[in-house]
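Engineer: Shown below is the structure under consideration.
The values are calculated or read from the model by the stated rules, or taken from the named source; none is laboratory data. This one's a predicted model, so the numbers in the text were calculated from it and none came from an experiment. Neighbour counts are summed over all protein chains in view; Cβ atoms, including those assigned to glycine, are modelled from backbone coordinates with ideal geometry.
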Amino acid sequence: MKTRPELTLDDCLKIHAAAQAEARRNNWTVAIAILDDGGHPLHFARMDGATPANAGIALEKGRTAAISRRSRAGRASTSRGRCARCSRGGAWTC
């Protein structure tokens, strides 16, 4: 029987705390989305001051990474420094 690891709520809370600490260190106002390997939300939070567009962008970026099985670092290495326009909110991502 095949089994696969899954994130627990406790795992999500630890990941969220680390992401929020990094955002605060850098003075970023962001939305934090943690998704499973199928692109389904497990945990989501929008920091005070983050726009509603941040919420949609965070979820879509996470969903894209989950579905394509590539991290943000993996996408950056294959884009060779080129930026791409996100379909939601007209945001740019590199």
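Engineer: Please specify each residue of segment 7-31 satisfying the condition of being touching a strand residue (DSSP E or B) at 6+ places or on another chain (Cβ under 9 Å) and small (Gly, Ala, Ser).
Structural biologist: Within segment 7-31, Ala19, Ala23, Ala31 qualify.
Engineer: Also, I was wondering about something else. Which residues, taken from segment 1-16, are assigned to a helix (DSSP H, G or I) and touching a residue at least 24 places away in the same chain (Cβ under 8 Å)? Break it down stepwise before answering.
Structural biologist: Going residue by residue through segment 1-16, those that are assigned to a helix (DSSP H, G or I) are 9-16.
If the condition is that a residue be assigned to a helix (DSSP H, G or I) and touching a residue at least 24 places away in the same chain (Cβ under 8 Å), then Leu9, Cys12, Leu13, Ile15, His16 are the ones that fit.
Engineer: Every residue in segment 17-36 that is assigned to a loop (DSSP other than H, G, I, E, B) and under 12 Å from the mean Cα position of the chain (by Cα), please.
Structural biologist: Within segment 17-36, the subset assigned to a loop (DSSP other than H, G, I, E, B) is 26-30, 36.
If the condition is that a residue be assigned to a loop (DSSP other than H, G, I, E, B) and under 12 Å from the mean Cα position of the chain (by Cα), then Val30, Asp36 are the ones that fit.
Engineer: Let me ask you something else. I'd like to check something: does segment 76-94 contain any residue that is under 30 Å from Arg4 (Cα atoms), crowded, with 16+ Cβ neighbours inside 10 Å, under 15 Å from the mean Cα position of the chain (by Cα) and modelled with pLDDT under 95?
Structural biologist: no
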